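Input: a single structure, listed below in structure tokens.
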Number of protein chains: 2
Amino acid sequence: MDSLSHRKAAVKIRLIREDGTPLSGCPVTVKQLSHQFLFGCGAFDSMGYQFAKSKNDDQKAEFFQTRLEKWLKLFNFGTLPFYWAGYEHVQGQPQEAVTKAAAKWLKERGVTVKGHPLCWHSACANWLMQYSNEEIFRLQLERIRREVSAYKGIIDIWDVINEVVIMPNFNKYDNAITRICRDMGRFKLAKAVFEEAKACNPNAVLLINDFNTSVAYEILLEGLLDAGVPIGAIGIQSHQHQGFWGPEKLHEVLERFSRFGLPIHFNENTLISGDLMPAHLEDLNDFQVDSWPSTPEGEERQAKELTEMYTILFEHPLVKAITTWDFTDGAWLHAPSGLLREDNTEKPSYHALYKLFHEDWSTNATVQTDENGILSLEGFKGTYELTCENLKARLELHVDHTGQLIMKNES
Amino acid sequence: MDSLSHRKAAVKIRLIREDGTPLSGCPVTVKQLSHQFLFGCGAFDSMGYQFAKSKNDDQKAEFFQTRLEKWLKLFNFGTLPFYWAGYEHVQGQPQEAVTKAAAKWLKERGVTVKGHPLCWHSACANWLMQYSNEEIFRLQLERIRREVSAYKGIIDIWDVINEVVIMPNFNKYDNAITRICRDMGRFKLAKAVFEEAKACNPNAVLLINDFNTSVAYEILLEGLLDAGVPIGAIGIQSHQHQGFWGPEKLHEVLERFSRFGLPIHFNENTLISGDLMPAHLEDLNDFQVDSWPSTPEGEERQAKELTEMYTILFEHPLVKAITTWDFTDGAWLHAPSGLLREDNTEKPSYHALYKLFHEDWSTNATVQTDENGILSLEGFKGTYELTCENLKARLELHVDHTGQLIMKNES
């Protein structure tokens, strides 16, 4: 049995010329242009690129461009930051110009863009704390309305609320969102923010996202879904700075969270290529180091673990997206968590993922049509270019189907 | 400041004779007869006593009687078993006669009785498994209707549902309740069983009960309360076979679960007087030993830890009940978890709790009335007998109040 049959579709499709004659017995070059599956990565560098360009910093812009070209060779799904502290550092001055430029730049290059996150207790604007809880809640809903509306059509996937399990108990520092979550409760707050986002963009995919994969998150989801909260997909974080979860935990998490029948997005994945963070630390943020080197053995291990993890996730029918959190080393926590080193050179993990996405999980072949011009093809779901002699056509391969396609001279 | 002021009430009450004259300047003996606080314990032995009597086994009946006399000297709140597997071992033959006899026997002796539990995946009737999930659910509601109605007025406190956090994920063995919980979800099942119990006895105190005291239980409670489930008190299990929680964990649990503003019952408390169970075991039921001896050092430790724990809990205003799970050693898991040894001799823990309940947390004194016959008294909430010369009266001391009381000759 093919463990990836759910990722594929089959067609029997008649290829004809513009004059209606079939392309009989013709060798057709089948080339996969894009994937239905969301192969994602943090795309924060596209903001850096826009900043550099806006400041005419050519050298920096070029550096980011090199990096982004490598990014685009691998991924079709990018996460852009909407942390309230950064996006609206000064009340009333949202950083819309650069963010929108970055989102559009990605979209023009075939990338699906996700905004992260709309409601979170961390990286939350400090200026909110001068307000009463009623006001904070009102401002939270206003912000959701503003962002979801402003980016509609450019960003239609949102991490609506982040880390709700710990939200009211979060005690590292006072912040506006923990205050209102403690006051209203997790369920009332989550329901309100989801409903606001849904009202502003009814077709958007709205995510809840958490690093807590215990039964607590299950129960939260169960209660929210019972209460009719419009959760479109379940986000699971998997920052593995303290070591690879391994297949057993991955299967166990997949089993528990697939029970809801909703799409699952592995929203924030990290596997590092250096020494592991000590296991006794509970909060990853408690490990602050000046330098955290990538090592040759670590890089081999990272590539191997990423391959194993992505393979398990790709085999699970409900997983619709996997996002590598850091594209390059030295970002969050200075960890060697990237697929590129800080100088933009490619690590083995980059090549490992390239092989998976664009070789193992792509369909590229030459297939002969039969005497009636029928092309029989099974391939990974996505968009294809078919070429036969000087004729071309696009094929959307998302479900099994039959039909007819006109091949045109596009030269 | 008095850390126990919430446990006390004050009266200024005029004591008069039947002819209306005040008992001026009279020394009044104040004796606390019972407590408002629920000092609880498993009362399963009262069933053993009824069985022995019903079988005319005098020796066994006498043994249980000795045990129960010691029980009654200490406690005013008893838990009776309603495990479905035991209560209705054969479908349609509930063990109502003995259970009701035991409940009445306790009630006649001033004991408030609780039934435990109405819905639980463990100790669940095997015959249920022949039915479809719809049928199991219907039978579950029927059972609740039957028991809650049959015992109304005798048992008005129920553990309605037990261990919901793990219920759908429970995988030690197949059982009917895990099946329906997995099928319906925790929220729908819990809501249904609570509503059924409430409909049958609207004034009953209905409890949810769990050994899981993590954020998962918090979230479950939050969602259930948001959904309007009539939870009357939060039950917390504290089986400490692997060692005393200590004050830090106790305070932390109290803080998190007091957020709901509901009464908290420490429903199942265990502290053992022998070697501790190995810490690596996750499920207490995985530690099966033939003999688990009580030791002199262990008995001293148990008494000390019980004193510390009860003191912390009694100081918290929302804690309304504490139940010691095993009255005698050698019951659940054969653990040395009792206040009596198996031969009914008293352990230091028995005396430690006696001292707390009936000396430190009881009010017994001789108080002089003033020239107008007014008795000024502050005491632990409960029922009192006042005696002056050959005159007596009962005083209900539950809230601060003033008033007048007629002292009568009861000899």
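Summary of computed values
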{"quantity": "At least 20 Å² of accessible area lost relative to the chain alone, listed for the range A:224-261 with a 1.4 Å probe", "calculated": "A:D226, A:R259"}
{"quantity": "Rg ratio (alpha-carbon, reference 2.2 N^0.38 Å) - the range B:1-54", "calculated": "2.02"}
{"quantity": "Principal-axis tilt of helix B:96-108 within chain B, Cα atoms, nearest 10 degrees", "calculated": "20 degrees"}
{"quantity": "Degrees between helix B:246-258 axis and first principal axis of chain B (Cα, 0 to 90, nearest 10)", "calculated": "90 degrees"}
{"quantity": "Along each principal axis, Cα extent of the range B:287-370, largest first, Å", "calculated": "63, 29, 19"}
{"quantity": "The range A:28-102 shape via C-alpha gyration tensor axes, a/c threshold 1.5", "calculated": "oblate"}
{"quantity": "Cα-based convex hull, the protein assembly as shown, per residue volume (Å³, whole number)", "calculated": "222 Å³"}
{"quantity": "Chain B: C-alpha gyration tensor shape, a/c 1.5 cut-off, then a/b vs b/c", "calculated": "prolate"}
{"quantity": "Share antiparallel - DSSP beta bridges, chain B, percent rounded to 5", "calculated": "40 percent"}
{"quantity": "Between the range B:217-268 and the range A:217-241, the Cα center-to-center distance that results, in Å", "calculated": "23 Å"}
{"quantity": "Helix B:133-150 axis, angle to chain B major axis (alpha carbon atoms, nearest 10°)", "calculated": "20 degrees"}
{"quantity": "In Hz, Karplus ³J(HN,Hα) per residue of the range B:399-404 (6.51, -1.76, 1.60; θ = phi - 60°; x = Gly, Pro)", "calculated": "9, 4, 7, 10, x, 9"}
{"quantity": "GluC sites (Glu not before Pro) within the range B:258-348: DSSP coil, no more than 14 neighbouring Cβ in 10 Å", "calculated": "B:E282, B:E342"}
{"quantity": "222 nm mean residue ellipticity, helices alone, for chain A (DSSP H n ≥ 4; -39,500 (n - 2.57); rounded to 500)", "calculated": "-10500 deg cm²/dmol"}
{"quantity": "Accessible carbon and sulfur surface of the protein assembly as shown relative to its total accessible area, %, 1.4 Å", "calculated": "50 percent"}
{"quantity": "Flagged links, alpha-carbon separation over 25 Å, of A:K31/A:K304; A:K8/A:K152; A:K31/A:K60; B:K8/B:K73; A:K12/A:K355; B:K73/B:K100", "calculated": "A:K31/A:K304; A:K8/A:K152; A:K31/A:K60; A:K12/A:K355"}
{"quantity": "Ranking by accessible area, most exposed first, for B:H316, B:H334 with a 1.4 Å probe", "calculated": "B:H334, B:H316"}
{"quantity": "Shortest-first nm distances, A:H251 label point to equivalent points in other copies (7 Å, Cα→Cβ)", "calculated": "4.5"}
{"quantity": "Average accessible surface area per residue within chain A, 1.4 Å rolling probe, Å²", "calculated": "42 Å²"}
{"quantity": "Antiparallel DSSP beta bridges within the protein assembly as shown, percent to nearest 5", "calculated": "40 percent"}
{"quantity": "Alpha-carbon centroid distance for the pair the range A:160-184 / the range B:293-347, whole angstrom", "calculated": "38 Å"}
{"quantity": "Number of partner chain Cβ atoms within 10 Å, mean per residue of A:211-220", "calculated": "6"}
{"quantity": "Cα gyration tensor, the range A:347-387 - rounded (a/c under 1.5), prolate or oblate", "calculated": "prolate"}
{"quantity": "Interatomic Cα distance distribution for the range A:256-411, bins of 10 angstrom, percent", "calculated": "9, 28, 25, 20, 12, 5, 1"}
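The values are calculated or read from the model by the stated rules, or taken from the named source; none is laboratory data. None of the values given here were measured: they were computed from a predicted structure. Please note: Cβ atoms are built from the backbone with ideal geometry, for glycine as well, and neighbour counts cover all protein chains shown. What goes into the accessible areas is simple: the full protein's heavy atoms, side chains included, and nothing from ligands, DNA or RNA. Shrake-Rupley method; radii C 1.70, N 1.55, O 1.52, S 1.80 Å.
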